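Structure record follows, encoded as structure tokens.
What follows draws every value from the coordinates through simple rules; no lab data is involved. On a predicted model such as this, the values are computed, not experimentally measured, just so you know. We place every Cβ from the backbone using ideal geometry, glycine too, and count neighbours over all the protein chains shown.
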Amino acid sequence: MPRTKLSKNAKRNRDAAKDETLSTRLREFDLEVDQFLSDLEFKRQERLDENKSLANLVRTLPQRIHDMKMGELMAMEEKTIDEVNVALEKKAAANRSMMNASLLSSSKKKSKGDEGYLTEDSGSGNMIATSAYTGFTRGMTPSARPVGPLSSAKAKSRNRRSRSACGYLNTIGSNSSTISSSTTSSRTTTDRMSRSRMRTPLNNRVKAASADRAAPVTPKVCPNTPLSMLRYPRIGETVISLTGSPIVAQCPSDTTATVNIPIKDGVISLRPTRLDAVHPDFIESIDAETWSQIKELQSNLNKLVKSVDGKI
Amino acid sequence: MDQEDMDLRDYCILESQRLETFKSWPFKADAPCCVSKMAEAGFYWCGNEHEIDTVACFVCGKSLDGWDANDDPWAEHKKHAPRCAFVNLGRAEKDLTVAEWLELVIQIKTYLINKQYDQMRKKVVKYCERKREELIKSIKG
């Protein structure tokens, strides 16, 4: 009994079509996943940057609060940072007057007491000079006298060092303690001294990410043909134009099939919902060139409808 | 994921908060490995009724169990997490300067953000792999 011969080729073609759908779908899926993951990374970076700016904000707190011990801070009753700051200022002033009293009573203690006094004063960074204090330490104000090895070194060498001298190289020759102090606390100062103060302002601008800094991009479709598969750019995505200049996409992606017709004062957007009547204002704003383009668009849409009709 | 879901108050950044987490602990207050010493050395309790001696560091997140009464919490912390910023400062909270403590808090926040996003990424990747398999099956089958 004869039977209908199954063409091997037909089956193979069906499989091939299936494979093609699969690979297209998978590619689309992978693209979506990649996009989602890079969005996630972007958000993480945003959060980390926020944290960094918080850290910078924290660093602007008054030095006297930074130098406090946590135990001392928690023992205080003040609730806000401002209150703590005011309280510390008062305390510092009280300490100062107490110190002056002890200094006045015994001149032998002077050098020892003075040392402690000066350190606290320069640490707090704020001077409230009482009358007794100025009377007693005339000609020896705390700011005139350097405290600690770092500041005394700075005070001595500031005038002698040439502006172009590199601070880092200078410290290499000296002992290890100077190196460590210059690399930690005064690094920024020395760095600044080694560079010229005259700077070309253009060099400071943020450089735009140019297409030639990234890997070369090959256009996958010919965008000039009347019918091509294109997608809207996603928010934050870097769009590279065909001539190579980078653009950051800011328009939201549209999920419905729409036709956007630019007119002289805006865009007519045709949506896939039922249209009752066309407002006369729209008709007025369409010029001859747009009209011919709309007609071309209509014939293209008709062709598309005709070729797809009944297949879905 | 919202900004609000990460409240630092939930992460035991203060010694007193860590002290409060210890619902139960096998050693008495006079032992070297007592609750107050544990909290001082940066540990908070994260155990349950089966594992009552599981703790973790509030900065590095290092989780430790199997404690003995004579263990020194600071020494053990140093031994098991030598890169922890808190243990490297090596001082109890009351002896840290405000600046040092604030730096720690910033570090904790960075660590938590990274941890949160790593976990989320893992979940997303796993989910997508599953969906991909399903997609292949639905088209082939």
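In table form, for the structure just shown:
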| read-out | value |
| --- | --- |
| Max mean-square fluctuation residue, GNM over chain B, Cα-Cα springs under 10 Å, options B:Ala99, B:Ala41, B:Ala69 | B:Ala99 |
| Euclidean distance between Cα centres, segment A:44-81 to segment B:100-128, Å | 21 Å |
| Net length gained if the chain between A:Leu26 and A:Gln63 were fully extended (0.36 nm per residue, minus Cα distance) | 7.5 nm |
| Long-range tail of P(r) for segment B:54-105 (Cα pairs > 18 Å, %) | 32 percent |
| Flagged links, alpha-carbon separation over 18 Å, of A:Lys220/B:Lys140; A:Lys18/B:Lys137; B:Lys23/B:Lys94; A:Lys43/B:Lys123 | A:Lys220/B:Lys140; B:Lys23/B:Lys94 |
| Inter-label distance for A:Leu297 and A:Lys311, nm, one decimal - labels placed 7 Å from Cα along Cα-to-Cβ | 2.4 nm |
| Fully extended contour minus Cα-Cα distance, from A:Asn56 to A:Glu41, at 0.36 nm per residue | 3.1 nm |
| Cα convex hull of segment A:256-304 - mean projected area over all directions, nm² | 3.9 nm² |
| Those residues of segment B:85-103 whose amide nitrogen sits under 16 Å from the label point placed on A:Met74, 7 Å along Cα→Cβ | B:86-87, B:90-103 |
| Cβ-based net charge around B:Glu51, under 13 Å, with every Lys or Arg adding one and every Asp or Glu removing one | -2 |
| Within segment A:66-98, trypsin sites (Lys or Arg not before Pro) in DSSP loop having at most 15 other beta-carbon neighbours inside 10 Å | A:Lys79 |
| Neighbour-limited loop hits for trypsin sites (Lys or Arg not before Pro), segment B:45-87 (at most 15 other Cβ within 10 Å; DSSP other than H, G, I, E, B) | B:Arg83 |
| Per-residue [θ]222 nm for chain B (sum of -39500 (n - 2.57) over DSSP H runs n ≥ 4, rounded to 500) | -15500 deg cm²/dmol |
| D_trans [Stokes-Einstein, Kirkwood Rh over alpha-carbon pairs] for segment B:55-139, 25 °C, 0.890 mPa s, µm² s⁻¹ | 154 µm²/s |
